[in-house]
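Enquirer: Take a look at the following structure, please.
The values are calculated or read from the model by the stated rules, or taken from the named source; none is laboratory data. Source: prediction; values computed, not measured. Cβ: placed from backbone, ideal geometry, glycine included. Neighbour counts: every protein chain shown.
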Amino acid sequence: MDKLSFKVIEDCKGVNLFIKKVEDQTGVKLPLAYVTRGKIVGGFLNGRLAAGYLLVTRPDFRSLMFVPDSIRRSHPILGGDKYQLMEVNGLWVSPSVKHPRQQLQFWIHLVKDIFLCKKKYLLLMSSGANQTIHNIHELTEPTIVYEGKPKLLPNSATHKTVRIGFTTRWRLISNIPRYLAEFRGRQDRFSAAFKAKILART
């Protein structure tokens with residue numbers, strides 16, 4: 001099993017490749033001006049970009065742009081000090097990161113990066129149709145603040161429905177046992193599928 005290596009992507013070619021990978025995986029093209037305000041982290045297998053995410057630690061936050069104004073302004077967290085917030089966007093993992101240990105390595109690196117940003121709240125946004133991301137978010141015990149049609153930006157393409165919430169950096173850390181339990185379940189399923197594949201060949 002190849003090990004993932006991580007590095008911050010800052011060069012123009014790498015940034016554009018990251019944006020393209022996000023669009024290929026999610027169908028949403030992130031604006032260059034937004035992406036370059038954050039920290040892009042790439043996960044590499046054999047020197048090739050295989051996963052990545054964007055950490056944004058200062059306003060304006062893209063996830064809040066899709067929340068109706070009335071909800072955003074009245075909510076005690078969303079309408080409060082924006083510098084207590086951060087968001088992760090452009091998160092994607094290619095099919096080449098298929099071994100559960102590689103996946104766990106990716107998620108641990110992400111959680112560590114989020115924690116070290118030292119922000120009180122982590123914004124969580126996903127497509128309303130993406131049950132996989134919903135399940136991942138549920139592991140952090142999120143507070144959901146809006147679920148429905150996004151407030152669309154002019155000339156922008158996005159998901160038909162969105163789910164937006166937040167968790168805290170300490171809640172993220174305290175739920176590590178849940179992530180490990182999920183990892184063990186994935187590893188068991190991976191091993192069972194691998195053994196079934198070997199038996200089918202014999």
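Enquirer: How many residues are assigned to a helix (DSSP H, G or I) and either hydroxyl-bearing (Ser, Thr, Tyr) or under 14 Å from Trp92 (Cα atoms) (or both) when one looks only at the range 16-35?
Expert: Summing the residues that are assigned to a helix (DSSP H, G or I) and either hydroxyl-bearing (Ser, Thr, Tyr) or under 14 Å from Trp92 (Cα atoms) (or both) in the range 16-35 gives 11.
Enquirer: Among (1) in contact (Cβ under 8 Å) with a residue 40 or more places away in the chain; (2) farther than 19 Å from Arg169 by Cα, there is one condition Leu32 misses while meeting the rest; what is its number?
Expert: That leaves (1) as the condition not met.
Enquirer: For the list (1) over 23 Å from Lys112 (Cβ atoms); (2) within 17 Å of the chain's Cα centre (by Cα), I need the number of the one condition that Ser74 fails.
Expert: (2)
Enquirer: Filter the range 51-71 for residues that are in contact with a Lys or Arg (Cβ under 9 Å, 6 or more places away or on another chain) and not in a strand (DSSP E or B) and give the result.
Expert: Thr57, Arg58, Pro59, Asp60, Phe61, Leu64, Met65, Phe66, Val67, Pro68, Asp69
Enquirer: Of all residues in the range 25-61 being of a type in the set (Gly, Ala, Ser) and in contact with a helix residue (DSSP H, G or I) (Cβ under 8 Å, 6 or more places away or on another chain), which is nearest to Asp11 (Cα to Cα)?
Expert: Gly42
Yes/no matrix, rows are residues, columns are (1) out of contact with any Lys or Arg (no Cβ under 7 Å at 6 or more places or on another chain); (2) β-branched (Val, Ile, Thr); (3) at pLDDT 95 or above:
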{"position": "Asp11", "(1), (2), (3)": "yes, no, yes"}
{"position": "Asn16", "(1), (2), (3)": "yes, no, yes"}
{"position": "Lys20", "(1), (2), (3)": "yes, no, yes"}
{"position": "Gln25", "(1), (2), (3)": "yes, no, no"}
{"position": "Leu32", "(1), (2), (3)": "yes, no, yes"}
{"position": "Ile40", "(1), (2), (3)": "yes, yes, yes"}
{"position": "Gly80", "(1), (2), (3)": "yes, no, no"}
{"position": "Met86", "(1), (2), (3)": "no, no, yes"}
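Enquirer: Kindly list, by first and then second residue, each pair from a residue in the range 66-91 that is closer than 15 Å to Thr167 by Cβ to a residue that is assigned to a helix (DSSP H, G or I) and of a type in the set (A, V, I, L, M, F, W, C), limited to pairs with Cβ atoms under 7 Å and residues at least 6 apart or on different chains.
Expert: Close Cβ pairs satisfying both conditions: Leu78/Leu64; Val88/Ile114.
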